[in-house]
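This report refers to the structure that appears directly beneath it.
Read-outs throughout are calculated quantities, based only on the coordinates presented, and are distinct from any laboratory measurement. The structure presented is a predicted model; accordingly, all values stated were derived computationally and were not measured. Because the Cβ atoms are built from the backbone with ideal geometry, glycine has one as well, and the counts that use them run over all protein chains shown.
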Amino acid sequence: MSLINDLQWRHAVKAYDPTKKVSKENIDKIVEAARLAPTSSGLQPFRVIVVENQQLKEKMTANALNPDCMRECSHVIIFAAWNRYTAERIDRVYDFTTEERGLPQGRFVNYTNKLKSIYLDQPEEANFVHTARQTYLALGLALAQAAELKVDTTPVEGFDNKVIDEVLGLNELGLKSVSLMYVGYADNTRDWLGAMKKVRTPKDEFLVEFK
Ligand SMILES: Cc1cc2nc3c(=O)[nH]c(=O)nc-3n(C[C@H](O)[C@H](O)[C@H](O)COP(=O)(O)O)c2cc1C
C-alpha cells in the first residue's frame, strides 16, 4: 500500500473499542517513526511519552474535549517539548552526535555557539514556541506509521496542558505537553466519523503554483 492510500485510510477516530489493545511491537514502530522525524538543527527538543496505565489515563481526562476517547483508547502518546533551550541541552545533543560519528570533539562548536547565541537570549516562551513546533512533524510521521499498520489514531490538542503536565510530572523533566495522540482500534458502532467521506480543500485551491 502506498503512503497516499494509508493517509486516505486514516481518520481522526472519535470512539475507541476499550477491549482492543495495540501490540507493543506496533507501539514501538509508531514511536520509532516519531524518533526519526527531522527537527531544526537536529536538536529533537521534545520527548514522546507513552501511557497505557488506565489510572493515569483516567487522571489525564480532566478537562479533555473527548474524555471517553482518552479513557477507551489503547495507549495515549504525549508529545512534550523542552520548556526552553539550555547550553547543556544543546551540547549534549552535539557531543553525542560527534561521538556517534567518530568525529573529533569540538567539531560542531562554531555551530553550537551560534545556536546558543540565538536561543539562549530569547525569553523562555519564545524558546517553547520553537520547541513545540518541532513536535508536529513527529506527530505527523507517527500518524502515518500507525496508518500503515492499520492502527487507528486521533491527533489531539483538545486537552488541558496543565493537567497532563501535572499528572505526568513533566515540569520536573523540563518538558511541557504540546499534543496527544490516541492510539487504538475504533469502535465502529460509535465512531461517527469512520463512515464519512474524507474532505480536504480541493487541489486547485490548495496548491498555489508559480510556473
Ligand atoms: C494538531 C491537531 C489537533 C487536533 N485536535 C483534535 C482534538 O482535540 N479532538 C479531535 O477530535 N480531533 C482533533 N484533531 C483532528 C482533526 O479535527 C482532524 O484531523 C481533521 O478534521 C481532519 O480529519 P481526518 O484526520 O479524519 O482526516 C486534531 C488534529 C490535529 C492535526
### Query
Residues of region 88-120 being in contact (Cβ under 8 Å) with a residue 12 or more places away in the chain, surrounded by 16 or more Cβ atoms within 10 Å (Cβ to Cβ) and over 23 Å from LYS176 (Cα atoms), which ones?
PHE108, THR112
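Yes or no, residue by residue, for (1) more than 25 Å from PRO67 (Cα to Cα); (2) touching a strand residue (DSSP E or B) at 6+ places or on another chain (Cβ under 8 Å):
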position	(1), (2)
THR98	yes, no
ILE118	yes, no
ALA142	no, yes
ALA146	no, yes
THR154	no, yes
LEU170	no, yes
THR189	no, no
### Query
Got a sec? Which of VAL76, VAL51, VAL31 is within 16 Å of the ligand (Cβ to nearest atom), touching a strand residue (DSSP E or B) at 6+ places or on another chain (Cβ under 7 Å) and touching a residue at least 24 places away in the same chain (Cβ under 8 Å)?
VAL76
### Message
Just to confirm my filter: which helices (runs of 4 or more DSSP H) fall fully inside region 121-211 and include at least 1 residues that are in contact (Cβ under 8 Å) with a residue 24 or more places away in the chain and either within 13 Å of the ligand (Cβ to nearest atom) or small (Gly, Ala, Ser) (or both)?
### Response
124-148, 161-168
### Message
I'd like to know if region 17-28 contains one or more residues that are touching a residue at least 60 places away in the same chain (Cβ under 8 Å), among the acidic types (Asp, Glu) and assigned to a loop (DSSP other than H, G, I, E, B).
### Response
yes
### Task
Would you check if LEU65 is touching a residue at least 60 places away in the same chain (Cβ under 8 Å), within 16 Å of the ligand (Cβ to nearest atom) and surrounded by fewer than 15 Cβ atoms within 10 Å (Cβ to Cβ)?
yes
### Summary
Counting only residues in region 99-126 that are touching a helix residue (DSSP H, G or I) at 6+ places or on another chain (Cβ under 9 Å) and of a type in the set (Val, Ile, Thr), the one nearest to GLY42 (Cα to Cα) is identified as THR112
